[in-house]
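Have a look at the structure below, then the notes.
The values are calculated or read from the model by the stated rules, or taken from the named source; none is laboratory data. Just so you know, these numbers come straight off a predicted model, no measurement behind them. A quick note on method: Cβ atoms are made from the backbone with ideal geometry, for glycine too, and the neighbour counts reach across all protein chains shown. The accessibility values were calculated without ligands, DNA or RNA, using every heavy atom of the protein model including side chains. Shrake-Rupley method; radii C 1.70, N 1.55, O 1.52, S 1.80 Å.
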Amino acid sequence: MAIARATRRAVFRVAGSAFAFGALAAGRLAALAQSGAGAQPLKIATIGAGREGAALGSLFVKAGHPVMFSSRHPEQLKDLVDGLGSLASAGTVAEAIASAAVVLLVVPYSAVPEIAKEHGAALAKKSLVIDVSYPIAPRDGEDVVKWVNEQGGAGLATARALPGALIVRAFNAIGSTQLDALAHRQGEPVGIPIAGDDRDALTLASRLIKEIGFEPVAVGGLAMGKYLVPRTPLAGVHTADEIRQIAATLK
């Protein structure tokens, strides 16, 4: 009888775990169900609203997505959101994450551990985290750069800091001042190399990148994130075909 009761308890635990996993997966995949022709807007948040975060978030607003820009001082973002209209808003990092299905991580890399500590659990529930951050020694410190390199590059480092998050690296090596002019470029669009380990996250990232006027090119898993930083072969402005040719030479 004791064995039977233990077996029933195990079954209930498994069933409960399956239900919880299914609910989480359903929440994540809800955004993906909207992809394709006639897709509905997605709520997007930026963690960080400096030059890059403001430029990227503005492109998503122009594409019809509601965007909440966040920073430690959201009151300082009034001019930015007022200039973008009703789809733009500002809030704290916690408010922005709670509001969104997709999060843009656009902060100095030295801030990633703190964000992970305070908001990692919430980020792990999102359909997609687009990781735009990368470490540079003058800003983030030599110790941060060393730690990132020890993890195998920024993609794997972010994944280690944010376990469970569906991360895609993108927009890591095109300057913020170029983004608006390069979006929807006439003729052949500008390619954006992306790296990620989750197929659904890559699909959603690709959809969003196309909507703001670029051509996404998957170059591999998060281990390839070490090449999605300035001063690497994939940095700068390239067509999609050029990105594929360059990526084929990298390991």
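Assess whether residue 35 counts as being of a type in the set (Ser, Thr, Tyr), more than 20 Å from residue 154 (Cβ to Cβ) and either surrounded by fewer than 19 Cβ atoms within 10 Å (Cβ to Cβ) or at pLDDT below 95 (or both).
Considered against the rule, which asks whether it is of a type in the set (Ser, Thr, Tyr), more than 20 Å from residue 154 (Cβ to Cβ) and either surrounded by fewer than 19 Cβ atoms within 10 Å (Cβ to Cβ) or at pLDDT below 95 (or both), residue 35 comes out as yes.
Tell me yes or no: at least one residue of region 108-126 is closer than 17 Å to residue 195 by Cβ and assigned to a loop (DSSP other than H, G, I, E, B). I'd like the intermediate steps shown before the answer.
The initial filter retains those residues of region 108-126 that are closer than 17 Å to residue 195 by Cβ, namely 109, 112.
Within this subset, residues satisfying the condition of being assigned to a loop (DSSP other than H, G, I, E, B) are none.
Looking for residues that are closer than 17 Å to residue 195 by Cβ and assigned to a loop (DSSP other than H, G, I, E, B), one finds none in region 108-126, hence no.
For region 192-221, give me the residue count where each residue is within 30 Å of residue 147 (Cβ to Cβ) and either open to solvent by less than 10 Å² (accessible area, probe 1.4 Å) or β-branched (Val, Ile, Thr) (or both).
11
When region 150-193 is examined, which residues are found to be modelled with pLDDT under 95, touching a helix residue (DSSP H, G or I) at 6+ places or on another chain (Cβ under 8 Å) and among the polar types (S, T, N, Q)?
The answer is 172, 176, 177.
Take residue 58 and decide whether it is among the hydroxyl-bearing types (Ser, Thr, Tyr), more than 21 Å from residue 214 (Cβ to Cβ) and either touching a residue at least 60 places away in the same chain (Cβ under 8 Å) or assigned to a loop (DSSP other than H, G, I, E, B) (or both).
In short, no.
Considering only region 96-130, how many residues are of a type in the set (S, T, N, Q) and in contact (Cβ under 8 Å) with a residue 60 or more places away in the chain?
1
Tell me, which helices (runs of 4 or more DSSP H) wholly within region 144-249 include 2 or more residues that are touching a Lys or Arg at 6+ places or on another chain (Cβ under 8 Å)?
Here the list reads 154-161, 176-182.
Taking the conditions exactly as written (open to solvent by 40 Å² or more (accessible area, probe 1.4 Å), within 19 Å of the chain's Cα centre (by Cα) and not β-branched (Val, Ile, Thr)), does residue 108 satisfy them or not?
Spelling it out, residue 108 is indeed open to solvent by 40 Å² or more (accessible area, probe 1.4 Å), within 19 Å of the chain's Cα centre (by Cα) and not β-branched (Val, Ile, Thr).
Do we have residue 127 as under 26 Å from residue 231 (Cβ atoms), among the small types (Gly, Ala, Ser) and within 14 Å of the chain's Cα centre (by Cα) here?
Answer is no for this residue.
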